[in-house]
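Below you'll find the structure, written out as structure tokens, and then a few comments.
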Amino acid sequence: MTTSNASLTPPEPNPPVDKGSSGSTNALADQPWRGVWRDILGGNVVRSIVAIILALIIGMLIAVFTNKDVQDTLGYFFSRPGDFFNAAGSLIGDAVRAMITGAVYSPTRGFQPFLSSLQWATPLVAAGLGLGVAFRAGLFNIGGQGQMLVGALFASYVGASWNLPPVLHLIVAILAAVLGGAMWAAIVGFLKAQTGAHEVILTIMFNWIAHWGITYLLKQPLFQSENAPGFAKGKAVQATAVMPELFNGFGLGFVLVLLAAVLYWWIMDRSTVGFKIRAVGINPNAAKTAGINVKTVTVVTMAISGAFIGLAAATQTLEVHPTGIEPTIHAGIGFDAITVALLGGNSPVGIILAALLFGLLKAGSVTMEIQAGIPRDIIPVIQGLIVLFVAAPRFLGFLPRPTGVKIRDRVAAGKVKS
Amino acid sequence: MTTTVTPKTPATPESPETALAPRKWKTPILLGVFALVSLLIFSLRLDPSLTTRIDLNSRTVPIELPPLVLPSMLTNLILSTLMIAFAAYTAKLAYDRKKIPMWGIALFAALWVIALIVWVGAGANVPFVWLLTGTLAISTPLVFGSMAGLVSERAGVVNIAIEGQLLAGAFASALVSSMTGSWVAGILAALVAGVLVSVVLALFSITYWVEQVVVGVVINMIVIGLTSYLYSGLMASNRELYNSPDTYDAWPIPLLSSIPIIGPVFFSHSIITYLMFILVPLLTWALFNTRWGLRTRSVGEHPKAADTVGINVNRNRWFNVLLSGAIAGVGGSFYTLGSVGAFNQEVTSGQGYIALAALIFGRWHPVYATLAALLFGFASNFRTLATQVGANVPSELLSMVPYIVTVLAVIGFVGQSRGPAASGVPYIK
């Protein structure tokens with residue numbers, strides 16, 4: 001478990017540059033667009049798309065071969081193979097149709113399903129950004145569950161028990177969630193910085209501590225709903241702290257997480273803190289030599305990571321479940337966010353797109369289960385496979401290796417030539 | 001200004017000793033805190049008139065023992081005094097820069113746990129034998145999980161996927177045992193399922209160099225999804241055929257099992273617990289006394305050196321990761337064939353992560369890891385007891401204790417927990 005920090009960053013998707021073909025700058029000047037097709041086919045976008053398609057195919061195969069109707073046709077496959085393909089085809093057709101009506105557009109409800117996909121994606125974006133911060137510093141924050149729980153408790157307390165004017169109340173409640181998540185994560189960062197204990201094991205333990213702690217606290221009069229004696233359920237959030245619906249089921253939450261993505265971009269790419277985080281992530285020893293206080297950066301990174309995850313808790317508490325939180329409020333988002341950040345390559349746009357994809361899958365899987373009879377538990381399998389394929393560049397070895405030359409340099413070289 | 005302030009480090013008699021190692025106060029402080037908790041909460045907050053009745057009988061033992069009736073407050077006061085004395089003794093040892101004996105800490109822990117039992121059981125009946133028997137049963141899959149983590153991590157592959165391996169074992173054993181009507185087939189299926197999960201782990205972490213923690217987390221996600229999917233798609237529709245497994249029988253060992261206390265605790269379990277009794281000593285011996293063990297440890301500590309002397313690093317890692325899957329798979333069968341008798345979604349409920357914690361707590365040593373797993377099992381069983389006797393302490397707070405203890409262990413209160421040096425790093429020639 002004592003891996004060095006640097007090795008905890010997700011592996012660089014690009015394999016080592018092939019020296020022979022990347023060529024010297026002269027070769028670039030002669031033929032600026034040489035090998036560009038390799039960059040496109042071997043690039044991250046194509047790689048991700050191939051991984052997604054591959055995972056979807058495997059998911060479909062699992063669905064086909066576990067389906068009872070299809071299994072029946074397998075019994076006499078060699079006498080009438082057509083039946084098998086008909087049954088499989090109709091199952092896949094049903095599944096795809098159900099996914100689309102559930103996640104994008106349905107003839108009866110218009111684009112309402114797409115809005116619900118955005119709803120599913122909302123906490124994933126926020127938590128994915130949180131994971132991204134940690135990954136950039138070479139930290140692996142599996143503590144999303146605990147951080148969300150603490151954030152949700154804070155938001156629920158402020159939202160239910162404080163009396164504040166309308167807009168201010170919502171802002172304070174959101175900030176409380178952010179603070180809660182940041183605090184819980186910062187404790188782990190502090191312990192890691194001070195003692196060198198591994199953050200993976202610490203965050204797992206803190207998830208459980210938060211789980212039992214919040215289960216206990218939600219049964220105390222300070223937090224417990226009056227309507228659920230004996231159950232761990234929080235008080236309903238006051239109307240002034242509920243996130244408003246902007247139109248037809250599309251809430252403020254999604255706008256907030258988009259703003260958070262902009263903030264993420266600014267923190268990571270423009271601020272000093274972000275520079276330090278990235279420096280520590282690339283090489284902690286070099287960062288230390290350069291005068292960066294690695295311990296402080298560890299604590300700050302975890303705090304920022306937890307703050308984004310706290311925002312995910314805020315949308316869950318103040319938008320999705322305003323009637324009162326339960327210890328299951330995290331809904332596995334902390335773990336899903338790992339896959340979001342990995343698929344999104346820790347970039348803000350990538351994280352939004354990855355969260356959107358998983359949001360679509362989640363929203364679609366609900367109707368898929370009802371209409372095509374495929375249990376929605378297939379979605380985490382597909383999700384996991386996508387990440388596995390994206391994280392293993394060597395697995396998709398049939399894709400060409402990128403040349404490692406930046407498009408910007410190609411354009412510049414082309415200009416010099418002309 | 002600064003000159004008027006007294007120097008921060010006044011010259012003390014100790015100053016010539018600064019060349020010596022710094023004194024380590026962590027353990028005495030921790031023991032002191034625990035002793036104070038025992039004194040202030042377990043002892044002084046009790047009603048002096050209460051007694052704790054400790055029942056030493058078990059249904060399987062023909063001999064009837066009289067229950068132990070202890071005056072709760074007095075017992076705990078005595079225990080607390082002993083603990084405070086030991087904490088003071090460790091402080092003295094720390095001052096003299098002497099090593100604090102491990103057995104002493106173990107004894108302290110035992111006293112503290114007894115005080116806890118006496119406190120929770122004040123005014124009630126504590127089924128002591130049940131408490132220990134249950135502990136061993138609950139710990140069994142945890143021990144298997146820890147041993148799975150051990151063989152993998154000692155070879156340098158971080159195994160977060162223990163949860164997935166256990167769950168795959170639990171699922172496969174329930175399915176196959178139901179379909180064949182034989183628990184032996186169930187165990188074999190669990191073994192195969194664990195190995196299959198390991199193939200994915202090994203392939204992606206050893207051969208494709210993917211970050212091992214990421215692979216582990218993702219594998220857990222996939223296995224949870226897949227087993228839940230198959231459960232709702234397959235098992236739930238036809239319980240009779242797919243989810244009513246043949247469970248293990250308890251095999252009380254003749255004679256030995258009728259010894260009071262010891263008999264039911266150690267000698268009337270199912271085959272899987274006996275397997276555990278064999279597995280742990282076997283692994284301890286193999287790890288430190290065989291060629292496989294030496295190779296495994298060298299590959300985990302310094303793969304390059306191992307490679308230089310002709311050990312095939314990645315082959316050893318592959319073998320160990322597959323072995324890890326086999327061990328965890330067999331352990332996972334306990335969740336279905338050993339207890340409930342049916343598979344349920346996420347039946348392992350995060351126990352794989354606890355097994356991992358036990359491994360780290362136990363400093364990657366088979367025996368210590370087993371003890372740590374037993375501690376988690378005890379905590380879990382004790383929570384049940386506390387709920388049953390209606391203790392005045394909420395069961396949620398008791399549930400937090402093992403995790404807090406693990407955190408304390410990991411941050412170095414019980415000595416630094418340092419894993420194999422090359423664990424988590426893919427070996428790339």
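The values are calculated or read from the model by the stated rules, or taken from the named source; none is laboratory data. Everything numeric here is computed off the predicted structure, so don't read it as measured data. Glycine gets a Cβ as well: all are built from the backbone with ideal geometry, and neighbour counts include every protein chain shown.
Could you tell me whether any residue of segment B:207-214 is away from chain A (no Cβ under 14 Å) and among the acidic types (Asp, Glu)? Within segment B:207-214, none of the residues are away from chain A (no Cβ under 14 Å) and among the acidic types (Asp, Glu).
Residue B:355 fulfils the conditions (1) under 15 Å from the mean Cα position of the chain (by Cα); (2) under 30 Å from residue B:238 (Cα atoms); (3) hydrophobic (A, V, I, L, M, F, W, C); (4) within 14 Å of chain A (Cβ to nearest Cβ) except for a single criterion, (2). Being more than 27 Å from residue B:349 (Cα to Cα), in contact (Cβ under 8 Å) with a residue 12 or more places away in the chain and surrounded by 18 or more Cβ atoms within 10 Å (Cβ to Cβ) is a condition met by no residue of segment B:241-256. Of the helices (runs of 4 or more DSSP H) contained entirely in segment A:346-418, those carrying at least 2 residues that are surrounded by 24 or more Cβ atoms within 10 Å (Cβ to Cβ) fall at A:348-371, A:378-391.
Just for segment B:338-360: of the residues that are part of a helix (DSSP H, G or I) and β-branched (Val, Ile, Thr), which one is farthest from residue B:293 (Cα to Cα)? Restricting to residues being part of a helix (DSSP H, G or I) and β-branched (Val, Ile, Thr), the top hit is B:340. Answer yes or no: is there a residue in segment B:384-397 that is within 11 Å of the chain's Cα centre (by Cα), within 14 Å of chain A (Cβ to nearest Cβ) and at pLDDT 85 or above. Within segment B:384-397, none of the residues are within 11 Å of the chain's Cα centre (by Cα), within 14 Å of chain A (Cβ to nearest Cβ) and at pLDDT 85 or above. In summary, helices (runs of 4 or more DSSP H) completely within segment B:224-337 and bearing 3 or more residues that are more than 14 Å from chain A (Cβ to nearest Cβ) and more than 24 Å from the chain's Cα centre (by Cα) occur at B:291-301, B:303-308, B:313-332. Take residue A:118 and tell me if it is assigned to a loop (DSSP other than H, G, I, E, B) and not basic (Lys, Arg). Considered against the rule, which asks whether it is assigned to a loop (DSSP other than H, G, I, E, B) and not basic (Lys, Arg), residue A:118 comes out as no. Whether a residue is surrounded by 24 or more Cβ atoms within 10 Å (Cβ to Cβ) and more than 18 Å from residue A:384 (Cα to Cα) was assessed, and residue B:182 does not pass this test. Scanning segment B:369-383 for residues that are more than 9 Å from the chain's Cα centre (by Cα) and under 26 Å from residue A:199 (Cα atoms) turns up B:378, B:379, B:380. Residues that are of a type in the set (Gly, Ala, Ser) and farther than 24 Å from residue A:293 by Cβ within segment A:186-216 comprise A:210, A:213, listed in sequence order. Among helices (runs of 4 or more DSSP H) entirely within segment A:223-299, having at least 2 residues that are touching a residue at least 24 places away in the same chain (Cβ under 8 Å) singles out A:252-270, A:272-282. Within segment A:31-57, residues that are modelled with pLDDT of 70 or more reach partners that are in a loop (DSSP other than H, G, I, E, B) and of a type in the set (Lys, Arg) with beta carbons closer than 7 Å, at six or more positions or on different chains, in the pairs A:38/A:401. Only one of the listed residues (B:363, B:418) is within 9 Å of chain A (Cβ to nearest Cβ) and either in a loop (DSSP other than H, G, I, E, B) or modelled with pLDDT under 85 (or both). That residue is B:418.
Yes or no, residue by residue, for (1) closer than 19 Å to residue B:406 by Cβ; (2) crowded, with 21+ Cβ neighbours inside 10 Å:
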{"site": "A:183", "(1), (2)": "no, no"}
{"site": "A:195", "(1), (2)": "yes, no"}
{"site": "A:201", "(1), (2)": "yes, yes"}
{"site": "A:206", "(1), (2)": "yes, yes"}
{"site": "A:213", "(1), (2)": "yes, yes"}
{"site": "A:224", "(1), (2)": "no, no"}
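Is it true that residue A:197 is at pLDDT below 90, within 14 Å of chain B (Cβ to nearest Cβ) and not in a helix (DSSP H, G or I)? Yes; evaluated as a whole, the condition is true for this residue. Within segment A:137-165, the residues that satisfy the criterion of being within 14 Å of another protein chain (Cβ to nearest Cβ), assigned to a helix (DSSP H, G or I) and within 21 Å of residue A:344 (Cβ to Cβ) are A:144, A:145.
When segment B:340-359 is filtered for residues that are buried (at least 20 other Cβ atoms within 10 Å of the Cβ) and under 13 Å from residue B:173 (Cβ atoms), the ones remaining, listed by number, are B:343, B:347, B:348.
When the test is whether a residue is small (Gly, Ala, Ser) and part of a helix (DSSP H, G or I), residue B:87 passes it.
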